[in-house]
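The values are calculated or read from the model by the stated rules, or taken from the named source; none is laboratory data. What you see is a predicted model; the values in this text were computed from it and never measured. All Cβ positions, even for glycine, are placed from backbone atoms using ideal geometry, and neighbour counts span all protein chains on display.
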Amino acid sequence: MTEVRHNPDEQRYELFLAERRVGFLDYRPQGEAWAFVHTEVEPELRGRGLGSRLVAGALDDVRGRGGHVVPLCWFVAAFIGDNPDYAELVAA
């Protein structure tokens, strides 16, 4: 089972698999939005959809906070492009 946790002290979202951190998504405040700058999943676990779970969890959290994102990370930008229900979260 996976879980996405917000770690505001590190300015990142972290993906856990059975209590092991296996990925993270770094962000930086950019005005009123959150700039998503880098996404990474442990190399041996890539290709299993974990990065998508991480990004979806982070975007769902931002949505719940009423926020917006600037997708500077190519993976986040591609995920939003493939999942247009998240498009309204992209800052103008």
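How many of the residues in the range 8-21 are in a strand (DSSP E or B), farther than 14 Å from Phe79 by Cβ and in contact with a Phe, Trp or Tyr (Cβ under 7 Å, 6 or more places away or on another chain)?
Taking the range 8-21 first, the residues in a strand (DSSP E or B) are 12-17, 20-21.
Now drop any that are not farther than 14 Å from Phe79 by Cβ, which leaves 12, 14, 16-17, 20-21.
From what's left, in contact with a Phe, Trp or Tyr (Cβ under 7 Å, 6 or more places away or on another chain): 12, 14.
Looking only at that region, the number is 2.
Name the single residue that is surrounded by the fewest Cβ atoms within 10 Å (Cβ to Cβ) among those in the range 1-23 being among the basic types (Lys, Arg) and touching a strand residue (DSSP E or B) at 6+ places or on another chain (Cβ under 6 Å). Talk me through it step by step, then tell me what you get.
Step one: list which residues in the range 1-23 are among the basic types (Lys, Arg), which gives 5, 12, 20-21.
Now narrow it down to the ones that are touching a strand residue (DSSP E or B) at 6+ places or on another chain (Cβ under 6 Å): 5, 12, 21.
Details: Arg5: 14, Arg12: 21, Arg21: 12.
Per the criteria, the residue is Arg21.
Taking the condition of being farther than 17 Å from Glu10 by Cα and at pLDDT 95 or above, how many residues in the range 43-56 meet it?
Kept after step one, since they are farther than 17 Å from Glu10 by Cα, are these residues of the range 43-56: 43-53, 56.
Adding the requirement that they be at pLDDT 95 or above leaves 50-53, 56.
Of the residues in that region, 5 qualify.
Hey, any hits in the range 27-36 for a residue that's surrounded by 15 or more Cβ atoms within 10 Å (Cβ to Cβ), charged (D, E, K, R) and either in contact with a Leu (Cβ under 9 Å, 6 or more places away or on another chain) or in a strand (DSSP E or B) (or both)? Explain how you work it out, then say what you get.
Initially, the range 27-36 is screened for residues surrounded by 15 or more Cβ atoms within 10 Å (Cβ to Cβ), giving 27, 30, 33-36.
Still in the running and charged (D, E, K, R): none.
No, the range 27-36 contains no residue that is surrounded by 15 or more Cβ atoms within 10 Å (Cβ to Cβ), charged (D, E, K, R) and either in contact with a Leu (Cβ under 9 Å, 6 or more places away or on another chain) or in a strand (DSSP E or B) (or both).
Suppose the filter is basic (Lys, Arg) and in contact with a Gly (Cβ under 9 Å, 6 or more places away or on another chain); does Arg53 pass it? Explain how you work it out, then say what you get.
Values: basic (Lys, Arg): yes; in contact with a Gly (Cβ under 9 Å, 6 or more places away or on another chain): yes.
Against the criterion (basic (Lys, Arg) and in contact with a Gly (Cβ under 9 Å, 6 or more places away or on another chain)), Arg53 qualifies.
Which one is nearest to Gly31 (Cα to Cα), of the residues in the range 46-60 that are of a type outside the set (Lys, Arg) and not in a helix (DSSP H, G or I)? Lay out the reasoning, then the answer.
So the first thing to find is which residues in the range 46-60 are of a type outside the set (Lys, Arg), and the list is 47, 49-52, 54-60.
Pick out the ones that are also not in a helix (DSSP H, G or I) and you get 47, 49.
On the way: Gly47: 33, Gly49: 31 Å.
Per the criteria, the residue is Gly49.
Here are some residues: Arg46, Arg53. Which one is of a type in the set (D, E, K, R), within 20 Å of Phe16 (Cβ to Cβ) and in contact with a Leu (Cβ under 8 Å, 6 or more places away or on another chain)? Steps first, answer last, please.
Numbers: Arg46 fails: in contact with a Leu (Cβ under 8 Å, 6 or more places away or on another chain).
Sole residue among the options that is of a type in the set (D, E, K, R), within 20 Å of Phe16 (Cβ to Cβ) and in contact with a Leu (Cβ under 8 Å, 6 or more places away or on another chain): Arg53.
Which of the residues spanning the range 61-92 are in a helix (DSSP H, G or I), under 13 Å from the mean Cα position of the chain (by Cα) and free of Cβ contacts under 8 Å to residues at least 40 places away in the same chain?
Kept after step one, since they are in a helix (DSSP H, G or I), are these residues of the range 61-92: 61-64, 74-82, 84-89.
Applying the additional criterion that residues be under 13 Å from the mean Cα position of the chain (by Cα) yields 61-63, 74-80, 86, 89.
Matches in the range 61-92: Val62, Arg63, Trp74, Phe75, Ala77, Ala78, Phe79, Ile80, Tyr86, Leu89.
Consider only pairs whose beta carbons are under 7 Å apart and that are at least six residues apart or on different chains; among these, list those whose first residue lies in the range 15-26 and is closer than 18 Å to Asp61 by Cβ and in contact (Cβ under 8 Å) with a residue 40 or more places away in the chain and whose second residue is outside any strand (DSSP E or B) and not polar (S, T, N, Q).
Leu15/Leu50; Leu15/Arg53; Leu15/Leu54; Leu25/Leu54; Leu25/Val55; Leu25/Ala58
Report whether or not Glu40 is charged (D, E, K, R) and surrounded by fewer than 14 Cβ atoms within 10 Å (Cβ to Cβ).
Working: charged (D, E, K, R): yes; surrounded by fewer than 14 Cβ atoms within 10 Å (Cβ to Cβ): no.
The answer is no for Glu40.
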